[in-house]
Amino acid sequence: MKAPLSWLKWYVPFELDPHTLGHRMTLAGVEADKIEVRGGWDGVVVGLVKAVNPHPNADRLRLATVDYGAGEMTVVCGAPNVAAGQKIAFARAGAKLIDGHTGKPAVLKPAKIRGVESQGMVCSEKELGLSQEHEGILVLPSEAAIGTPLDAVLGDAVIDFAVTANRPDCLSMLGLAHEVAALTGGKVREPTLRYPETGEAIQKKTRVEILDADLCPRYIAGLATGVKIGPSPKWMQDRLTAAGMRPINNIVDITNYVMLEFGQPLHAFDYDLLTEHRIVVRRAKAGETITTIDGQERKLTPSILLIADAARPVALAGVMGGARSEVSERTTNVLLESAAFNNINIRRTSRDIGLRSEASSRFEKGLSAELPIYAARRAMQLFVELCGGTAAQGLVDVYPGKAPQRRVRVTGHRASALLGVRLTSSDLTPVLRSLGCDIHHASDDALEVTPPYWRMDLNIEDDLVEEYVRIKGFDSIPTAKLSGAVPAFEPSPLLALKESLRDLLAGAGLQEVITYSLTNQAGQALSGGGNGLRILNPLASDQEELRLNLRHGLLKTLAINQRNQENGVRLFELGRIYIPRSEELPDEREILGVLLSGPRDDLHWRRTEESLDFFDAKGLIESLLAELLLKGTFDPTKDAVLHPGKTAAITLGKTQVGVVGEVHPKFARAFDLLERSAAYFEIDLQALLEAMPKDERRYQAVGRFPSVLRDLAIVVDRALPAEQVAALIRSGEMVAGVTPFDVYTGKNIAPDKKSLAYRVVFQSPSKTLTTEEADGLQERLLSRLAKEFGATLRG
Amino acid sequence: MQEQLTHLRAEALAALEKVSNAKELEEWRIAYLGRKGQMTQVLRGLGALSPEDRRAAGAQSNELKALLEQRFAEREAALQAGSAEAIAASEAIDVTLPGRPVQIGRLHPITQVIREITGAFTAMGFQVVEGPEVEWDYYNFETLNIPKGHPARDMWDTMWIDQKNKDGERPLLLRTHTSPMQIRYMERHKPPVRVVVPGKVYRYEATDATHEWHFHQIEGLVVDKGVSFAQLKGTLEEFAKRLFGIERKVRFRCDYFPFVEPGAEMAIDWQGRWLEILGAGMVHPVVLKNMGCDPQVYSGFAFGMGVERIAMLKYGIDDIRHFYTNDLRFLKQF
């Protein structure tokens, strides 16, 4: 809501400068979004043109003699419209203006124009920065006093208020005036609502019928006959323009002006174009259409409320008028509509047909049904005053939805408790009165309050408490600490797991990323396809569905980054996937996704030239699991996006909790990955959490007796999973540890065989093993390996 | 015997003088003190002497052996010191070369800021909980005092799930704020309650430098007997000081959210300007009822803040889109 302060001051006088006012209003909840100040014309005053004489040396120039209060001066003037007797804006040398030709700020200098010395200038609107108008000079109202600084005559500020959804009253000058009055202690002046009703009784001229009272609690019609359509007066046009509206003609301008004044949207019909000169308020019939004043034909549905005449629709109630009954230059009789409509229906209509207007955006916020009568009378008064119209006697006022007056009880006790500061009802009274509330009954602690009709947002006790605090300012409330008991602690294992994983992964050198939760079918295909929940109104083609995997986001992130990173890229994300379930919210599963790609070592003078691969990913998983007191098993598996020969299922107990593998070369190509290989794993955190044992670690004495290390190199079938060998060794007598340290195929090993080397730790809990005993243990282990796997010692 | 010992002493010490490295020293040790060395021979020869002679010669022999051992140790120490110097000198490295890189990863700046914010509140007795991102209209709007058709719904441009129920309505949406957890949490807990709820939220909104359709919020809720606006102010001021420094000034102004009354917005003093960082207010009586709390007995306050906005302030980030582009050159700065 753009409010020109010169206009606002008509309703409530105030001394505050625009920025201070804006600040106070902002603190009270009506935010001053933008403040535009017009003026600051140094050295420009109101002058009177006393005489205009021809320029001796130029036909198109003239010499104007100007009385500027402190003296008289003759200046050269090129404007065709300059004339004796005009009040004009007069600038003396030194004034800061806009250069009429270049459009840039400039200081006015004395000049000799065609041989005549000129010490000043009669200004155009462009030179004052008011508009682009430069043909003629700006003519001021005749009542402007000679010598007055122009700032005092034309200076203004416009504050654009960002009004919250609960305060449609502040979408009006009067609503804002009430706020200013409450904040400054001023009094609001109401415009006159009286006008001569010299025409016929309105009941003889029109009728209003409301068929759907649930959507139209009130409809007021007024009639002005014999109006003369023309431009509205300049002051009205100026105010409308400053408030951001375009002047059209006097009738339309008046309806807009009164809307800005009271916040009540109005509509003017050409009375003579209404069939049977009457109004029917009803729901649309299926198949009906209307052409609105913007020239669009609109198909209607029965949920839409219409204003109709005896024959057909003439307006979309509360949204926009129809073209056929629009006021035009030929109009002489005007039927005025000032009505109340159901806000939810207006909002829905305006959304359904995709049309939002000044009217609908006010109605949809819920306007008072008491408001139309004030606005109707004000508009009629202006029709008579400014359009030469004759007002019919009375108004038609159909008001099926009249509600009993609201009364709200508020106590000092409640205000004290809610705000945390000691208050009595007598603290509340002056604030509520300043906002227009009526106080019916006051006791020591309680007030019976009738909120002003324009404040539809004041319905309960706490609303009135808010009124008190927002006008007094939140600074008036002290600060206090929470005083109640600290709530009982409730563990949150999933959250704790996520936080510890984050720390572990960052500590292991991975960078956390957060990617978008929405993807498309191509993204879903990366986990084998399927349909995620679809978005009704997606913003982009890659944001159509809730994701079923983190893979898309991670691979895209890798693709984006690889060109800028000479070193390895190690990414992780802890994010949700959204698995649809019927009749229920989707299953939002927390997933850990990890993607590793590029050289294992950063560029360095001792760098080894190896790429991050499957075993980096697996090693990371093993470390993570160990930190969580878990041990997983890894078995070959298949996956939509992973390499068929380099993929394993991660299993804890009997539950598969994730998958690890290298990205399939064809996806590496699809994502344009520079490194052909990238290792990926994902783990379902809920599954992980369920597998996690209770932390039952107990101290165990460190083995007192020295251990014996033996290296065993054996040759087995190439296809034999190494873990089976390790498992057998682990089960051996006195074996305290086993670590594979070499895997070899190639020269000296048969093509279908491989060599595995293990370092085995033998340790006894009760004595130092002798060499002979260790030899025996090793022999028995080797013979079991031979029997079980056909293993031979590598020669 | 006497003579033999004197000779051995002179010879051994002279030889030791000539020893110049570890190898020669070892040869010397073997020659004189070894198992088959001269000293050992002498000691073995003692057995052939008469008991009287043996006593005197034994004492002298042991004396000499002790001397040789001592000299040997001295020589060894001296040689070692010298050779360690030499070795160290040959092993000098260029200490100006960079060290071997150690991989240390970082958390996303949003995670870091969420931790900071939630940390400030847990220190004040709040617990951290999370909620679903796909929500029912019922929790996202209706129970928060924003019924269908309410004009305030325009405050949250919503992404709807394309799924109709039996009544032909679309009841599922991507939550537009973390506020639904106010109701969800209270359905399962009784006052006193202090929780903060971090999480992703979604808006149907074109993206630009200050708007993302996908961002993070942190919701807060306190419900108890006797909770007041003064406590709201005290708690949030304390939070601002913990997050932005002890000297930080804050300002509250009236604002409108349908689920609180009175409603406010808190701004912090930031380089001479007031920057709004969170919305707050006393829980609306209708919402308290929806939580199953009698508004005559219980009161509460709620607040919500945008994590990206706070991160942008803290780090001087000029474009919200950086957070989800995930350019490592951006992420590694935090």
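The numbers here are math on the coordinates, done by the rules we state, and not lab data. If you're wondering where the values come from, they're calculated on a predicted model, not measured in any experiment. Cβ placement follows ideal geometry from the backbone for every residue including glycine, while neighbour counts extend to all protein chains displayed.
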Inset, instruction - Return the inverse of the average 1/r over all pairs of distinct C-alpha atoms in the range B:109-331, which is the Kirkwood hydrodynamic radius, in Å to one decimal. - result: 18.0
Inset, instruction - Starting from the Cα coordinates of the range A:493-691, work out the convex hull volume and express it per residue in Å³. - result: 129
Legend entry - DSSP beta bridge pairing in chain A, given as percent antiparallel to the nearest 5: 95
Legend entry - the range A:408-471: translational diffusion in µm²/s, Stokes-Einstein, Kirkwood Rh over Cα pairs, 4 °C, 1.567 mPa s: 115
Inset, instruction - Among B:279, B:295, B:328, flag the residue with its Cα farthest along the positive direction of the charge dipole of the range B:277-334, charges on Cβ as +1 for Lys/Arg and -1 for Asp/Glu. - result: B:328
Inset, instruction - Find how much the distance from residue B:74 to residue B:87 grows on full extension, using 0.36 nm per residue of separation minus their present alpha carbon separation; answer in nm with one decimal. - result: 2.7 nm
Inset, instruction - Choose one of A:558, A:412, A:373: the residue whose Cα lies farthest towards the positive end of the charge dipole of chain A (beta-carbon charges +1 Lys, Arg; -1 Asp, Glu; about the Cα centre). - result: A:558
Inset, instruction - With +1 on each Lys and Arg Cβ and -1 on each Asp and Glu Cβ, and nothing else charged, work out how big the dipole of chain A is about its Cα centre, in Debye to the nearest 20. - result: 620
Inset, instruction - Net charge near residue B:18: determine it from the other residues with C-beta under 12 Å of the C-beta of residue B:18, scoring Lys and Arg +1 and Asp and Glu -1. - result: -3
Legend entry - P(r) of the range A:134-208 over all Cα-Cα pairs, binned every 5 Å from zero, in whole percent: 3, 9, 11, 10, 12, 13, 14, 12, 10, 4, 2, 0
Inset, instruction - Name the longest site-free stretch of chain A, where the excluded sites are chymotrypsin sites (Phe, Trp or Tyr not before Pro) in a DSSP loop with no more than 10 other beta-carbon atoms within 10 Å. - result: A:1-488
Inset, instruction - Any chance you could list P(r) for the range A:511-609, counting all Cα-Cα pairs in 5 angstrom bins from zero, rounded to whole %? - result: 3, 13, 20, 20, 16, 11, 7, 5, 3, 2, 1, 0, 0
Legend entry - For the range A:198-343, convex hull volume per residue from C-alpha positions, Å³: 117
Legend entry - Under 9 Å, Cβ to Cβ, from residue B:292 - net charge with Lys/Arg +1 and Asp/Glu -1: 0
Inset, instruction - Take the alpha-carbon centre of the range B:114-157, take the same for the range A:529-555, and report the distance between them in whole Å. - result: 23
Legend entry - Cα-based Rg / Dmax (Å) for the range A:44-154: 12.7, 37
Inset, instruction - Run through every distinct alpha carbon pair of chain A and return the Kirkwood hydrodynamic radius in angstroms, one decimal place. - result: 35.4
Inset, instruction - Just rank A:6, A:766, fewest to most, by other beta-carbon atoms within 10 angstrom. - result: A:766, A:6
Legend entry - Projected-area mean, the range B:215-330, by convex hull of Cα positions, square nanometres: 8.5
Inset, instruction - Any chance you could give the angle, 0 to 90 degrees and rounded to 10, that helix B:22-32 forms with the longest Cα principal axis of chain B? - result: 40
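At a Förster radius of 45 Å, what calculated FRET efficiency corresponds to the Cβ-Cβ distance of residue A:773 and residue A:605, to the nearest 0.05?
Efficiency, from the Cβ-Cβ distance: 0.40.
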Inset, instruction - Name the residue farthest towards the positive end of the dipole of chain B from the options B:197, B:239, B:48, assuming +1 on Cβ of Lys and Arg, -1 on Cβ of Asp and Glu, about the Cα centre. - result: B:48
Legend entry - Taking only Cα atoms of the range A:350-479, radius of gyration then Dmax in Å: 19.7, 61
